[in-house]
Amino acid sequence: MTLPRKGVTVKHGIVSFRGEVSSPQERQALRVVAERVPGVKGVEDHTRLRKPVAGKAGPEH
């Protein structure tokens, strides 16, 4: 998981994510990490899936 191209803000215990993610799994991982932080009351996900670049393979696992 990488954080470039993403914005993270926290206000009144609500974590908001904005930007691009490379997969639904990355989106879920961000949510899980944020929810485990003490004091976090909720997570708002405003991310979008990054469109694949022609000729490039997706992330390897």
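The values are calculated or read from the model by the stated rules, or taken from the named source; none is laboratory data. Keep in mind it's a predicted model, so treat the numbers as computed, not measured. Every residue, glycine among them, receives a Cβ derived from its backbone with ideal geometry; neighbour counts consider all protein chains shown.
Couple of notes before you dig in:
Each row is one residue, and each column tells you yes or no for (1) surrounded by 12 or more Cβ atoms within 10 Å (Cβ to Cβ); (2) touching a Gly at 6+ places or on another chain (Cβ under 7 Å); (3) at pLDDT below 95.
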| position | (1), (2), (3) |
| --- | --- |
| 1 | yes, no, yes |
| 7 | no, yes, yes |
| 30 | yes, no, yes |
| 35 | yes, no, no |
| 41 | no, yes, no |
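- Pair list, Cβ under 9 Å, 6 or more apart: the range 32-45 residue under 15 Å from residue 8 (Cα atoms), other residue aromatic (Phe, Trp, Tyr): 34/17; 43/17; 44/17; 45/17
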